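What follows is one structure encoded as structure tokens, with my remarks underneath.
The values are calculated or read from the model by the stated rules, or taken from the named source; none is laboratory data. Keep in mind the model is a prediction, meaning the values are calculated, not measured. Note that each Cβ is placed from the backbone with ideal geometry, even for glycine, and that neighbours are counted across all protein chains shown. Calculation scope for accessible area: heavy atoms of the full protein, side chains included, ligands and nucleic acids excluded. Shrake-Rupley method; radii C 1.70, N 1.55, O 1.52, S 1.80 Å.
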Amino acid sequence: MRLFMSTLILFVIASVIQTGYGHPKATDRADRWQLRLDTGDLRFYRDLETSDGYWILIYEVTNETNEDHRWIPQFDLVTDKGEIIADGDDVPRNVQLTLLDTFGDPLLKSQSDASGPLLQGEENAIRGLTIWKAGHEDVREVQVFAGGVSGDTAEVIHPISGETKKLHRVIQFSWFVDGGVDQIVLKPLPRRAVGSGTSVRRIDTKTEETVGGVQVQRKWIFR
């Protein structure tokens with residue numbers, strides 16, 4: 001019995017150590033390269049023909065490194081309902097074209113057209129429109145994880161399966177949904193601090209409330 005209890009205690013301690021310290025912490029400084037990503041605010045859009053709802057976000061990515069890169073964006077949207085939605089999934093072309101016309105920006109590109117070489121300098125920045133088809137619409141918190149903006153990766157051991165997982169350095173954003181979505185169509189959603197958010201894809205679900213003692217609205221994480 002004593003042997004069993006000692007083994008159990010050691011297992012719990014090992015699990016706590018691995019869970020508490022196993023997830024790498026990303027900083028604002030890249031080990032390899034990173035692109036500059038500026039975004040607007042998240043908005044909701046309703047297609048009047050189908051009544052389908054969509055989340056939309058405009059961004060601009062700039063290559064301030066010393067070499068050209070290829071921009072391959074990957075934007076995941078996560079809701080407080082546990083949904084993980086990849087950008088562009090089940091988004092019809094006519095919805096993309098309608099939104100491009102709505103914003104009326106000749107430099108704005110749909111996500112499929114935005115991928116490609118990203119040359120150095122502000123004059124070569126790419127402005128893209130990211131669209132997610134909404135699932136649950138009665139949500140109160142929405143987060144976006146922007147990938148493709150950094151070359152940094154990290155490997156961790158999953159504390160349960162023991163498998164090696166490769167994580168990518170991404171930027172995390174978060175917004176509140178204040179009220180019913182049909183009352184806020186195309187209106188900017190208010191930002192929320194990312195420290196208290198939850199990424200359902202992270203191996204370590206512990207999140208820090210602050211970065212450097214200050215609540216932030218965007219931060220780098222490994223995911």
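Of the residues making up segment 118-125, at least one is in a strand (DSSP E or B) and either under 20 Å from residue 48 (Cα atoms) or in contact with a strand residue (DSSP E or B) (Cβ under 8 Å, 6 or more places away or on another chain) (or both).
Residue pairs whose Cβ atoms lie under 9 Å apart, sitting 6 or more positions apart in sequence or on different chains, and linking a residue in segment 54-72 that is among the basic types (Lys, Arg) to a partner that is open to solvent by less than 10 Å² (accessible area, probe 1.4 Å), are 70/116; 70/118. The residues listed here are 76, 80, 87, 31; of these, the one that is under 30 Å from residue 161 (Cβ atoms), in contact with a Ser or Thr (Cβ under 7 Å, 6 or more places away or on another chain) and in contact (Cβ under 8 Å) with a residue 24 or more places away in the chain is 87. In this structure, residue 114 does not qualify as open to solvent by less than 70 Å² (accessible area, probe 1.4 Å), in contact (Cβ under 8 Å) with a residue 60 or more places away in the chain and of a type in the set (A, V, I, L, M, F, W, C). Would a scan of segment 171-178 turn up a residue that is of a type in the set (Gly, Ala, Ser) and either touching a residue at least 40 places away in the same chain (Cβ under 8 Å) or touching a Phe, Trp or Tyr at 6+ places or on another chain (Cβ under 6 Å) (or both)? Within segment 171-178 (the criterion being of a type in the set (Gly, Ala, Ser) and either touching a residue at least 40 places away in the same chain (Cβ under 8 Å) or touching a Phe, Trp or Tyr at 6+ places or on another chain (Cβ under 6 Å) (or both)), the answer is yes, since at least one residue qualifies. In segment 135-190, counting only strands (runs of 3 or more DSSP E) that sit wholly within it, the ones holding 3 or more residues that are open to solvent by 30 Å² or more (accessible area, probe 1.4 Å) span 153-157, 164-176.
Let's see how each residue does on (1) over 29 Å from residue 118 (Cα atoms); (2) within 22 Å of the chain's Cα centre (by Cα); (3) open to solvent by less than 40 Å² (accessible area, probe 1.4 Å); (4) modelled with pLDDT of 80 or more:
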position: 7; (1), (2), (3), (4): yes, no, no, no
position: 11; (1), (2), (3), (4): yes, no, no, no
position: 24; (1), (2), (3), (4): no, yes, yes, yes
position: 31; (1), (2), (3), (4): no, yes, no, yes
position: 34; (1), (2), (3), (4): no, yes, no, yes
position: 41; (1), (2), (3), (4): no, yes, no, yes
position: 47; (1), (2), (3), (4): yes, no, yes, yes
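I'd like the full set of residues that are of a type in the set (A, V, I, L, M) and either at pLDDT below 95 or more than 17 Å from residue 118 (Cα to Cα) (or both), limited to segment 59-76. Of everything in segment 59-76, just one residue is of a type in the set (A, V, I, L, M) and either at pLDDT below 95 or more than 17 Å from residue 118 (Cα to Cα) (or both), namely 72.
Exactly one of (1) at pLDDT 95 or above; (2) in a loop (DSSP other than H, G, I, E, B) is unmet by residue 54. Its number? So the condition that residue 54 fails would be (2). When segment 139-149 is filtered for residues that are more than 25 Å from residue 115 (Cα to Cα) and touching a Gly at 6+ places or on another chain (Cβ under 8 Å), only 141 remains.
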